[in-house]
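Following: one structure in structure tokens, then a few remarks.
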Amino acid sequence: MAKKHVAVLMGGFSSERPVSLASGAACADALEAEGYRVTRVDVTREVSDVLAALKPDVVFNALHGPFGEDGTIQGILEYLAIPYTHSGVLASALAMDKDLAKIVGSAAGIPVAKSMVASRFDILGEHPMEPPYVVKPVAEGSSFGVVIVREGQSHPPQILGSSDWRYGDRVMVERYVHGRELTCAVMGEEVLGVCEIVPVGHAFYDYDSKYVPGGSKHECPAKISPNIYQKIQTLSLKAHKAIGCRGVSRSDFRFDDRSGEGDLVWLEINTQPGMTPTSLVPDIAAHAGLGFGELLSWMVEDASCSR
């Protein structure tokens, strides 16, 4: 039986375009190796016309950032009635808004760090909370626009008032949690392993440490106590279900293990995890015995509308 025709959406016009192009190319190559007929689509504003003409059996969504993982492209695919991978309209929009996602997660019993949302201009004059804290755009990914305000810093980050700031006026101010960066993938109803991210030569897991080879090390499985490992798995599946995710998601945590059981907080959920050669989900899946091509094939066969 001939395998499906898969349109791989990549690129787009968000700040994460380079990441999406890398993810899309890797996914397209792997799906072709699995025997699928693949069409690569560099997404423009005419994407609905392109897809209507292509008539693919499935869309593999390798877009990142606004328009690609915030429910926008998902709505277009629903109107076109083309089955697609990853989460649907509501879950995508909810997960992309870090503030709303934390409200839902907290209501589901998931521990989150103290935070507030404000206009970037309103917090320029004085600290909105006692340092250390983190300022991040409400609706961006790949650590774009993330600034850590350290203890003893005399004023809020002045980049927030600069014309160079490109990430919207609403920002989240969140208590900084010391410790380790941990992440866990969920695939359908199955929770996979926990991985620790160790930035190399970077203060935190920023854009370069994520996507530049050698910028970080992945410890899979994470070398943490079994009870914390299992707790992270439980919370990741709970977040996946509370937000309403489908397909593959990845939850990120901070764990301060300096005393007792430590301070574990959920940071966010990623409905469109990166699929580059240095990405986390392929590493986590590989440790679970699932090759890259097998992972992508599962995602293609799991695709649907009304997600």
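Bear in mind these aren't lab numbers, they're just calculated from the coordinates by the rules spelled out. All figures in this text were calculated on a predicted structure; none of them were measured in a lab. Positions of Cβ are backbone-derived with ideal geometry, glycine not excepted, and every protein chain shown enters the neighbour counts.
In whole percents, the pair-distance distribution calculated for segment 5-85 from its alpha-carbon pairs, binned every 5 Å from zero, is 3, 17, 30, 27, 17, 6, 0. GNM remark for the chain: springs join alpha carbons under 10 Å apart, and the peak mean-square fluctuation among Glu140, Glu16, Glu189 falls on Glu189. Taking amide H as placed 1.01 Å from N in the peptide plane, Tyr84 has its amide H under 5 Å from the amide H of Val59, Ser304, Cys305, each at least 5 places away in sequence or on another chain.
Put a plus charge on the Cβ of each Lys and Arg, a minus charge on the Cβ of each Asp and Glu, and nothing anywhere else: the dipole of segment 83-208 about its Cα centre is then about 160 debye.
Listed by chain and number, the lysines whose C-alpha is less than 23 Å from the C-alpha of Lys241, apart from same-chain residues fewer than 8 away, are Lys98, Lys102, Lys114, Lys231. On a 0 to 90° scale, report how tilted helix 17-33 is relative to the longest principal axis of the chain, with both axes built from alpha carbons and the result rounded to the nearest 10. In the chain, helix 17-33 runs at an angle near 40 degrees to the longest axis. Annotation: segment 238-295 has a Kirkwood hydrodynamic radius of 13.1 angstrom, from the mean reciprocal C-alpha pair distance. Dimensions of segment 115-175 from C-alpha coordinates, computed as largest minus smallest value along each principal axis and given longest first, are 26, 20, 16 Å. Amide H to amide H distances under 5 Å link Thr39 with Val6, Ala7, Val8, where only residues 5 or more positions off or on other chains count and H is placed in the peptide plane.
Each peptide in 298-305, 120-127 was scored by the mean count of other Cβ atoms within 10 Å over its residues; highest first, the order is 298-305, 120-127. Divide the volume of the convex hull around the Cα atoms of the chain by the residue count and you get 129 Å³ per residue.
For the listed peptides 271-284, 21-34, a ranking on the average number of other beta carbons within 10 Å per residue, highest first, reads 271-284, 21-34.
The protection proxy used here, the mean number of other Cβ atoms lying within 10 Å of each residue, ranks peptides 71-79, 237-245, 102-110 as follows, highest first: 237-245, 71-79, 102-110. Each residue, Ala286 and Arg258, gets one label point 7 Å from its Cα in the Cβ direction; the gap between the two is 3.4 nm.
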